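K.L.:
I'd like to ask some things about the structure below.
The values are calculated or read from the model by the stated rules, or taken from the named source; none is laboratory data. Bear in mind the structure is a predicted one, so any value in this text is a computation, not a measurement. Virtual Cβ from ideal backbone geometry, glycine too; neighbours counted across all protein chains shown. Quick note on the areas: whole protein, heavy atoms, side chains included, nothing else; ligands and nucleic acids left out. Shrake-Rupley method; radii C 1.70, N 1.55, O 1.52, S 1.80 Å.
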Amino acid sequence: MGRFIPLSVPNFEGNERKYVDDAIDQGWVSTGGAYITKLERQLAEFLHTENAAACQSGTAALHLSLIEAGIQPGDMVIVPALTFIAAVNPVKYQFAEPVFIDCDDGFCMDPAKLNEFCENECELIDGKLIYKADGRHIKAVIVVHVFGNMADMVSIMKTARKYRLKVIEDATEALGSRYTAGELSGKYAGTIGDFGAFSFNGNKIITTGGGGAVTAKDPAAAEHIRYLSTQAKDDPQYYIHNEVGYNYRMTNIQAAVGVAQMEELPEFIGRKQANFEKYRTLFEGFELCRLMPFREGTSSNKWFYSLEINREKVSADMREIISALEEKGIQTRAIWGLISEQRPYVDSPSYRLEKAPYYAERILNIPSSTNITDEEIVYVAGQIKKVLEGFSCDKQ
Ligand SMILES: *Cc1c(COP(=O)(O)O)cnc(C)c1O
């Protein structure tokens, strides 16, 4: 047959080649150049925020945010258990300790459990949140807007204010998601907390091959992040460095791709949203799985689509389902395993994980590229239904 429908591939329909050629022609290929500044301005404007600093990856964006938030060896950072591990690894880069919190039904951090954890397991001493079990100082919380679905930031910000936590939003999957109702109406993912991290990796809604950006509430923090990301160079001519810096700055070639991708972002979001509606209609009323909705009161970029497999009726494990679909030329993927169960994190504390393990066994991501065709969507939905029916417990 030869048919292959990938999970999520980049889309270069715009000015990418033109701008990259231009960057190369000008000789500005490294960590300086006009495209970097232009991309930062485009991002800030799009997100209705003051400033954005472009860097090498979403992971670097998170690391820089943690450094800027003052996370030091021995500190603690509250993190989600169900997400991509890159959201948590930078905590370890700072020799700090993560503590894992459960998710809600949108796969994002459960705000009630976050609050409960702070209330029951910690105490505020001299304005510092102290983890009662070992006396560590909890300084920050990392909130991930999973698959483009916005976390309940109203509740999370309330808890963070009450307990003096810095808020780092991992918006790597949520560029363009925003609130449309309530007290945060109009606010974009990554612009609500103290810091927001974005990723332009190949599978994200826009890509620069690899790349990322940080937004910061405080303009001085954004400037300091730029400084740290360019080896903390204090002087343009002489090699004066007053801090330990990093080689985390985005290159002008990456930024050239990014500027072209930003021009297409509204179109990409529109397609993701329209395709989600098509899938929704196709899965409506089907009892072996359901298409997971996005949070009400928000407009999501709908980066990734998720099916919840009905475990009452389908007992096949994810590997069997994924292989059966692969034979039909359809690439799907299981949601992540819990980070708290990965080897580097088995000794880190976690708090009442219930929904995270529940969804870890049930969620399947399905093809969501911006260039998927209507015919492919119909084929994907039809084949998924057939495969799940084949595994149905009701089948005689
Ligand atoms: C992609 C991703 C990252 C890391 O971004 P990179 O650019 O690949 O470093 C971090 N967190 C989440 C939730 C992601 O999906």
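K.L.:
Out of (1) over 25 Å from Thr370 (Cα atoms); (2) under 13 Å from the mean Cα position of the chain (by Cα), the odd one out for Asp194 is which?
P.N.:
(2)
K.L.:
Within the bounds of segment 226-233, is there any residue that is farther than 26 Å from Ile85 by Cβ, open to solvent by 40 Å² or more (accessible area, probe 1.4 Å) and in a loop (DSSP other than H, G, I, E, B)?
P.N.:
yes
K.L.:
Do we find that Ile67 is open to solvent by 20 Å² or more (accessible area, probe 1.4 Å), β-branched (Val, Ile, Thr), out of contact with any strand residue (DSSP E or B) (no Cβ under 6 Å at 6 or more places or on another chain) and away from the ligand (no atom under 11 Å from the Cβ) in this structure?
P.N.:
yes
K.L.:
In this structure, is Tyr239 more than 16 Å from the ligand (Cβ to nearest atom), surrounded by fewer than 16 Cβ atoms within 10 Å (Cβ to Cβ), assigned by TED's automatic domain parsing to the domain that holds Thr31 and aromatic (Phe, Trp, Tyr)?
P.N.:
Here the answer is yes, as Tyr239 does meet what is asked.
K.L.:
Inside segment 143-164, can you point out the residues that are in contact (Cβ under 8 Å) with a residue 60 or more places away in the chain and either surrounded by fewer than 24 Cβ atoms within 10 Å (Cβ to Cβ) or not in a loop (DSSP other than H, G, I, E, B) (or both)?
P.N.:
Matches in segment 143-164: Val143, Val144, Val146, Phe147, Gly148, Asp152.
K.L.:
Can you name every residue in segment 136-165 that is within 11 Å of the ligand (Cβ to nearest atom) and touching a Ser or Thr at 6+ places or on another chain (Cβ under 7 Å)?
P.N.:
The answer is Val144, His145, Val146, Phe147, Gly148.
K.L.:
Within segment 275-291, is there a residue that is under 24 Å from the mean Cα position of the chain (by Cα), open to solvent by 30 Å² or more (accessible area, probe 1.4 Å) and within 24 Å of Ser199 (Cβ to Cβ)?
P.N.:
No, segment 275-291 contains no residue that is under 24 Å from the mean Cα position of the chain (by Cα), open to solvent by 30 Å² or more (accessible area, probe 1.4 Å) and within 24 Å of Ser199 (Cβ to Cβ).
K.L.:
State whether one or more residues within segment 35-49 are in contact with a Cys (Cβ under 9 Å, 6 or more places away or on another chain), within 16 Å of the ligand (Cβ to nearest atom) and in contact (Cβ under 8 Å) with a residue 40 or more places away in the chain.
P.N.:
no
K.L.:
Separate question: Could you grab me the full set of residues in segment 29-47 that are under 10 Å from Ile253 (Cβ atoms) and exposed (fewer than 15 other Cβ atoms within 10 Å of the Cβ)?
P.N.:
Residue satisfying the conditions is Ser30 alone.
K.L.:
Conditions first: (1) touching a strand residue (DSSP E or B) at 6+ places or on another chain (Cβ under 8 Å); (2) within 16 Å of the ligand (Cβ to nearest atom); (3) of a type outside the set (Val, Ile, Thr). Gly186 passes all but one, so which condition is the exception?
P.N.:
Single failed check for Gly186: (2).
K.L.:
From Ile130, Ile168, Ile78, which residue is surrounded by fewer than 23 Cβ atoms within 10 Å (Cβ to Cβ), modelled with pLDDT of 95 or more and either within 14 Å of the ligand (Cβ to nearest atom) or not in a loop (DSSP other than H, G, I, E, B) (or both)?
P.N.:
Only one candidate passes the filter, namely Ile130.
K.L.:
Give Phe95, Phe84 a once-over and let me know the one that is in contact with a helix residue (DSSP H, G or I) (Cβ under 9 Å, 6 or more places away or on another chain) and among the aromatic types (Phe, Trp, Tyr).
P.N.:
Selected residue: Phe84, the only one of Phe95, Phe84 that is in contact with a helix residue (DSSP H, G or I) (Cβ under 9 Å, 6 or more places away or on another chain) and among the aromatic types (Phe, Trp, Tyr).
K.L.:
Take Phe117 and tell me if it is in the same structural domain as His63 (by TED's automatic domain parsing) and over 22 Å from the mean Cα position of the chain (by Cα).
P.N.:
Yes.
K.L.:
Also, I was wondering about something else. Can you tell me which condition Pro90 does not meet? The list is (1) outside any loop (DSSP other than H, G, I, E, B); (2) of a type outside the set (A, V, I, L, M, F, W, C); (3) open to solvent by 60 Å² or more (accessible area, probe 1.4 Å), and all the others hold.
P.N.:
Against the list (1) outside any loop (DSSP other than H, G, I, E, B); (2) of a type outside the set (A, V, I, L, M, F, W, C); (3) open to solvent by 60 Å² or more (accessible area, probe 1.4 Å), Pro90 comes up short only on (3).
K.L.:
Considering Ala213, Ala174, which residue is within 19 Å of Phe147 (Cα to Cα), in the same structural domain as Gly106 (by TED's automatic domain parsing) and part of a strand (DSSP E or B)?
P.N.:
Answer to the selection: Ala213.
K.L.:
Further question: Taking segment 238-265 as the search range and keeping residues that are under 20 Å from Thr59 (Cβ atoms) and assigned to a helix (DSSP H, G or I), which one is farthest from the chain's Cα centre (by Cα)?
P.N.:
Ile253
K.L.:
Do the conditions hold for Ala181, that is, is it outside any helix (DSSP H, G or I), within 14 Å of the ligand (Cβ to nearest atom) and modelled with pLDDT of 95 or more?
P.N.:
No.
K.L.:
From the set of residues in segment 362-384 that are open to solvent by 10 Å² or more (accessible area, probe 1.4 Å) and either small (Gly, Ala, Ser) or closer than 17 Å to Ser315 by Cβ (or both), which is nearest to the chain's Cα centre (by Cα)?
P.N.:
Arg362
K.L.:
Confirm whether Asn301 is farther than 24 Å from Gly148 by Cβ and within 16 Å of the ligand (Cβ to nearest atom).
P.N.:
Here the answer is no, as Asn301 does not meet what is asked.
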